[in-house]
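Some notes on the structure that comes next.
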Amino acid sequence: MDLKDYIRSIPDYPKKGILFRDITTLIKDKDAFSECVNQIVEKSKKYNFDKIAAIESRGFVFASAVSYILKKPFIMLRKKNKLPADVHSIDFELEYGTATIEVHKDSININENVLIIDDLIATGGTAEAAAKLVEMSKAKVSAFIFVINLFDLGGCETLKKKGYKIENLIEFPGH
């Protein structure tokens, strides 16, 4: 099964010049979604990790299923002001704006290894911020797994240069 066949491309969303890669067409197909989750599970077996973290919100879809299958704790990296307890917080640049993500301070323990899963990597700003949140907890990022890599936007290369291990299932150009 070629998962690329299940990704819809929407031009000029969320703003002119962006070609949005929509995963809703993949997750609404039971066979494609199952295959996608199974591929993430297989790729994750290369790494030693204690917990799985995902970036709000589309990363939650994939990471929660993987967490269930692997019986690993699931940590939510959420948008600002969505978590009720004490948080680590980091601001970062997006391809089309700025944002803040947070994690509960008690979600990740010192010296734990964390696998980070997200639906897509573009420029890498969100992923790098996610890694910094894990590291603020004095833990280590085992690897990143992305469903989609927008290869010409350089996010994977940026993360690799910083020493992170990267996996992805599908590649598309970003524009």
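Coordinate-derived values only; no laboratory data. Because the structure is a prediction, the values reported are computed rather than measured. Positions of Cβ are generated from backbone atoms using ideal geometry, with glycine treated the same way; all protein chains shown enter the neighbour counts.
Tell me which of 17, 64, 134 sits at the most positive position along the dipole axis of the chain, charges placed on C-beta atoms (Lys, Arg +1; Asp, Glu -1).
Farthest along the dipole direction, towards plus: 134.
Ordered by packing density, taken as the mean number of other Cβ atoms within 10 Å over each peptide's residues, highest first, how do 156-167, 114-125, 54-65 rank?
Going by the mean number of other Cβ atoms within 10 Å, highest first, we get 114-125, 54-65, 156-167.
With +1 on each Lys and Arg Cβ and -1 on each Asp and Glu Cβ, and nothing else charged, work out how big the dipole of the chain is about its Cα centre, in Debye to the nearest 20.
380 debye
Would you mind telling me which residue in 84, 14, 73 has the biggest mean-square fluctuation in a Gaussian network model of the chain, where springs connect alpha carbons within a distance under 10 angstrom?
Looking only at 84, 14, 73, the largest GNM fluctuation is found for 84.
Restricting to the chain, what percent of DSSP beta bridges are antiparallel, rounded to 5?
About 40 percent, rounded to the nearest 5.
Please give the peptides 40-47, 75-82 ranked by average Cβ packing (other Cβ atoms within 10 Å per residue), highest first, as a rough proxy for protection.
Put in order of decreasing packing, that is 75-82, 40-47.
Considering only the other residues whose Cβ falls under 9 Å of the Cβ of residue 141, what net charge follows from Lys and Arg at +1 and Asp and Glu at -1?
Net of charged neighbours comes to +1.
Specify the inter-centroid distance of segment 1-66 and segment 73-91, based on alpha-carbon positions, in whole Å.
Taking the Cα centre of segment 73-91 as reference, the centre of segment 1-66 is 21 Å away.
So what's the back-of-envelope 222 nm ellipticity for the chain, counting only DSSP H runs of four-plus at -39500 (n - 2.57) apiece and dividing by all residues, rounded to 500?
-8500 deg cm²/dmol
Compute the distance in nm between two label points, each set 7 Å from the Cα along the Cα-to-Cβ direction, one at residue 171 and one at residue 18.
2.4 nm
For each of 134, 66, count neighbouring Cβ atoms within 10 Å of the residue's Cβ, then give the residues from fewest to most.
66, 134
Ranked by Cβ crowding within 10 angstrom, fewest neighbours first, how are 126, 24 ordered?
By the 10 Å Cβ count, ascending, the order reads 24, 126.
So what does log10 I(q)/I(0) come out to for segment 3-172 at q = 0.08, 0.15, 0.16 Å⁻¹, using the Debye formula with one equal point on every Cα and no solvent?
Those come out to -0.22, -0.80, -0.92, one per q.
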